[in-house]
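Quick notes on the structure that follows.
The values are calculated or read from the model by the stated rules, or taken from the named source; none is laboratory data. The model shown is predicted, which means the values in this text are computed figures rather than measured ones. With ideal geometry, Cβ positions are generated from the backbone for all residues, glycine too; neighbour counts draw on all protein chains shown. We work out accessible area using only protein heavy atoms, side chains counted, and drop any ligands, DNA or RNA first. Shrake-Rupley method; radii C 1.70, N 1.55, O 1.52, S 1.80 Å.
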Amino acid sequence: MSKRLLLVGAGHAHLEVIRNLTEEKFSDVEVCLITPSAYQYYSGMFSGYTEGLYDMEDTRVDVEKLAKAAGIHFVKKMARKLLPKQKKLVCTDRSVYPFDVISFDIGSRSLPAELEPSVAKTIKPNYEFIDQINELRETSHPLLVGGGAAGCELAMSIQTYKRKRNIPGQVRLISADRVLSDAPGRVSRKLRSLLSKKGIQLWEQERAVDVHDEHILTDQGNRIRHTGVLWLGGAVGDPIFESSGISCDERGFAYVRNTLQFENYDFIFGAGDCVTMKEHPQLAKSGVYAVRQGPVLWENLKNYLERDDLQSYEPQNQALYILSTGQQKGFLTYGPITHHSHQAWKLKNKIDTDFMKKYKEVTGD
C-alpha cells in the first residue's frame with residue numbers, strides 16, 4: 001500500500017528535495033506539494049531586482065513546472081491547520097489532505113498581526129514582493145522598518161535605484177537596535193557608515209510602534225513621515241503551528257530536533273525559517289542555513305520512509321553574508337571580518353545565480 005508525503009511550502013530546503021525527486025523517486029510514495037503560488041521567489045536576489053540588476057524571471061523558480069518534472073502533484077493552496085493526531089492538513093478553502101509523512105518549509109512572517117490593516121507592506125509572502133517594491137521605489141520618502149540584513153540591504157538598493165533614475169527624495173530606515181545587531185559592534189559601525197554615505201536617513205535604538213497613512217510614530221515620540229512603509233522587523237512564526245497545538249518557541253516557530261523532525265512527532269519534518277532547532281535556538285532565520293538543511297532533509301525523508309537511520313544537521317559555526325550595497329558592490333561579513341568591494345558583489349552574484357541555475361535547468365527556464 002502506497003504512502004503519501006506532503007511537502008508544504010516551496011522554500012530553499014524543499015526546492016532541493018523536489019530537485020532530487022527529478023533524479024530519484026521514492027518507492028510506493030505519492031508526493032504532493034502544497035503552496036499558495038506557482039512561483040517561489042528567491043529573497044537573495046531581491047536587492048538586485050530592487051536596484052534594477054535582475055528582472056523578475058531571474059528571481060523566481062517555476063515550482064509548478066519543477067513539481068511536474070519530479071512527478072509530484074502540485075496543489076496551489078494555502079495550508080491553514082495541521083491535525084497531527086489524525087495526520088491531516090486543512091487548507092484555507094477547507095479542503096483536507098491526509099498524509100503519512102509531512103514536511104514544512106513555509107518561511108516566516110515579519111508584519112505583526114495588528115499592523116496588517118495598515119499601509120505597511122512586507123516581503124512575505126515573497127510572491128507579493130515584486131509588485132510592492134515596484135511601487136515603493138518610485139516614491140519620494142520610502143520608509144523601511146528593521147535594521148537587520150534585509151532592511152539595510154533593501155534600503156541601499158532603493159536609494160541606488162532612485163539615484164540612477166533621478167527620483168527625488170530620501171530612503172528612511174528605523175532600527176529598534178543598532179543596525180545588524182547580531183554582528184560584532186565594529187561590523188555594525190562599518191555598515192552604519194555605508195548607509196550614511198548612501199544618503200539614507202537612519203534612526204537607531206528607536207522602535208516603530210504605530211503606522212499611519214503618512215507617518216510612523218516611534219517609542220521616542222518621533223513622528224516620521226513616509227510615502228510608503230516596508231516592514232522588515234523581527235521574524236515571527238506562521239500561526240499554523242500554535243493553532244495546531246504544536247510545540248513552539250516564544251515567537252511561534254515549531255521546535256525541531258537535529259534530524260529536522262518536530263519535537264513530539266517523528267512523521268513531521270520542518271526546515272528553514274519556519275522552525276527553531278531545539279539544540280540551536282539562537283540560530284538566525286537565514287537562507288544560508290536553509291540551503292544547508294536541504295540535503296539533510298532529503299536524506300531524512302527518504303530514510304524515514306525506508307525505515308533507515310536518520311542524519312543530524314549541524315549548523316556551521318559562522319556563516320558568510322554578503323549584502324548588496326548598490327552599484328554592484330557588496331558588503332561581505334564573516335564573523336568579525338568585513339570587506340566592501342565589487343569583488344564581494346561578484347561573489348554574491350555567482351552564489352545566487354548558481355543557486356537558481358540548479359532549479360531553472362530542470363524546468364528549462
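Things worth noting here:
- Residue satisfying all of: in segment 266-321; among the small types (G, A, S) and at pLDDT 95 or above; farthest from L7 (Cα to Cα) among these: S312
- The lone exception for H141 - which of (1) at pLDDT 95 or above; (2) buried (at least 19 other Cβ atoms within 10 Å of the Cβ); (3) assigned to a loop (DSSP other than H, G, I, E, B) it fails: (2)
- The set of residues from segment 266-292 being within 20 Å of A149 (Cα to Cα) and part of a loop (DSSP other than H, G, I, E, B) comprises P281, Q282, L283, A284, K285, S286.
- Restricting segment 94-128 to residues that are outside any strand (DSSP E or B) and of a type in the set (K, R), the residue that is least open to solvent (accessible area, probe 1.4 Å): K124
- Flag if Q316 is over 30 Å from V119 (Cα atoms), open to solvent by less than 50 Å² (accessible area, probe 1.4 Å) and not in a loop (DSSP other than H, G, I, E, B): no
- Pairs with Cβ under 8 Å, 6+ apart, first in segment 1-24 and surrounded by fewer than 17 Cβ atoms within 10 Å (Cβ to Cβ), second at pLDDT below 95 and not aliphatic (A, V, I, L, M): M1/D28; S2/D28; K3/D28
- Exactly one residue out of K285, K302 is open to solvent by less than 40 Å² (accessible area, probe 1.4 Å) and among the charged types (D, E, K, R): that is K302.
- The set of residues in segment 15-69 being of a type in the set (G, A, S), over 28 Å from L301 (Cα atoms) and within 19 Å of the chain's Cα centre (by Cα) consists of S47, G48.
- The listed residue being open to solvent by 60 Å² or more (accessible area, probe 1.4 Å) and in contact (Cβ under 8 Å) with a residue 40 or more places away in the chain, out of R186, R192, R207: R186
- Residue count for segment 326-351 under the criterion of being open to solvent by 80 Å² or more (accessible area, probe 1.4 Å) and either within 22 Å of G199 (Cβ to Cβ) or of a type outside the set (A, V, I, L, M, F, W, C) (or both): the result is 8.
- The set of residues in segment 226-277 being open to solvent by less than 10 Å² (accessible area, probe 1.4 Å) and either among the hydroxyl-bearing types (S, T, Y) or free of Cβ contacts under 8 Å to residues at least 12 places away in the same chain (or both) consists of T276 alone.
- Matching entry among D308, D354 (being free of Cβ contacts under 8 Å to residues at least 12 places away in the same chain, surrounded by fewer than 18 Cβ atoms within 10 Å (Cβ to Cβ) and in a loop (DSSP other than H, G, I, E, B)): D308
- Flag if A155 is open to solvent by 20 Å² or more (accessible area, probe 1.4 Å) and either part of a loop (DSSP other than H, G, I, E, B) or at pLDDT 95 or above (or both): no
- Residue match in segment 354-365 (condition: under 26 Å from I158 (Cα atoms) and among the polar types (S, T, N, Q)): no
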